[in-house]
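The values are calculated or read from the model by the stated rules, or taken from the named source; none is laboratory data. Keep in mind the model is a prediction, meaning the values are calculated, not measured. Glycine also receives a Cβ, built like all others from the backbone with ideal geometry; neighbour counts cover every protein chain displayed. Heavy atoms of the whole protein, side chains included, go into the accessibility calculation; ligands, DNA and RNA do not. Shrake-Rupley method; radii C 1.70, N 1.55, O 1.52, S 1.80 Å.
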Amino acid sequence: MCKKILIFAGTLEGRKLCEYCTKHKIYADVSVATDYGKELIPPSPYLNVLSGRMEERQMKEQIAGNPYLMVIDATHPYAKAVTQNLVSACKALHARYIRVLREEKEIAEENFVYVDSIAEAVKYLNKTTGNILVTTGSKELSKYSGLSDYGRLYVRVLPSRESLDACLHFGLSPKNVICMQGPFTKELNTAMLRQLDCRYLVTKDSGREGGFDAKIQAAASSGVTAIVVRRPDQVAGCHLEQILKMLEGLT
């Protein structure tokens, strides 16, 4: 029986884990939420990509049906529900669970505002004027319904039909939607903020891997106020480099 792992991907770390498995001939099942996420995983005889969002029941079925050596949670730091379900599924089945962690940084500068939720960000924005660049994802758009003027919003989302449809369904004009695959450089972020004449940037602390550093540097250099939604509480885990070392024992 071959050694096999399960990776919940959809992030840069997930793709790096997939590349490592291919290079070192480690078999892995790779779970991604969307067909677009599947397209980002390079074809490999060592990777079996599972497309579609899983609830806890489906996670349990997947884990119970396979003798995985470990289950690696490389989902986004803000994918709280996915992580909670995966932790519960692994605990119930006594499977080895490992969470990929990203470093966090707290910024103490005048033009940076920390909030605990998008609802809190909207409350803050309703007291301001000027255009806003939103980079918190298409799935979070409904949380901006309390904003008094949608015309101020420019939303940057993944280049998928699902993301675009979510933006249009929310009521945004197509000219206010930017469909691009990140992460982005400081220079590109700066150019976008200036081109759209934005005074505010709403972002999550997605870490260096998610382009957070480049976004806050662009905001600082452009005189734009960055509104940062703090991460939810995370379970214990390991950084990617530590997990790659664990995988060395499987090669």
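Against the list (1) open to solvent by 10 Å² or more (accessible area, probe 1.4 Å); (2) over 16 Å from the mean Cα position of the chain (by Cα), the condition Cys198 fails is (1). Applying the criterion of being over 14 Å from the mean Cα position of the chain (by Cα) and surrounded by fewer than 22 Cβ atoms within 10 Å (Cβ to Cβ) to the residues of region 201-224, the residue that is nearest to Lys127 (Cα to Cα) is Gly223. Among the residues of region 116-165, those identified as of a type in the set (Gly, Ala, Ser) and closer than 18 Å to Ala79 by Cα are Ser117, Ala119, Gly137, Ser138, Ser142, Ser163. Among the residues of region 43-53, just one is at pLDDT below 95, open to solvent by less than 70 Å² (accessible area, probe 1.4 Å) and either of a type in the set (Val, Ile, Thr) or assigned to a loop (DSSP other than H, G, I, E, B) (or both), namely Gly52. Residues in region 54-103 that are touching a strand residue (DSSP E or B) at 6+ places or on another chain (Cβ under 6 Å), more than 23 Å from Ser138 (Cβ to Cβ) and either of a type in the set (S, T, N, Q) or in a loop (DSSP other than H, G, I, E, B) (or both): 4 in all.
The residues of region 85-111 that are open to solvent by 50 Å² or more (accessible area, probe 1.4 Å) and modelled with pLDDT under 95, listed by number, are Glu103, Glu104, Lys105, Glu106, Ala108, Glu109, Glu110, Asn111.
Residues in region 69-82 that are surrounded by 21 or more Cβ atoms within 10 Å (Cβ to Cβ) and either over 22 Å from the mean Cα position of the chain (by Cα) or charged (D, E, K, R) (or both): Asp73 alone.
Counting only residues that are open to solvent by 50 Å² or more (accessible area, probe 1.4 Å) and without any contact (Cβ under 8 Å) to a residue 60 or more places away in the chain, which one in region 57-68 is farthest from Ile26 (Cα to Cα)?
Residues of region 57-68 open to solvent by 50 Å² or more (accessible area, probe 1.4 Å): 57-58, 60-61, 64-65, 67.
Filter once more, so that each one left must be without any contact (Cβ under 8 Å) to a residue 60 or more places away in the chain: 57-58, 60-61, 64-65.
Values: Arg57: 26, Gln58: 24, Lys60: 22, Glu61: 22, Ala64: 20, Gly65: 19 Å.
Only one residue fits best here, namely Arg57.
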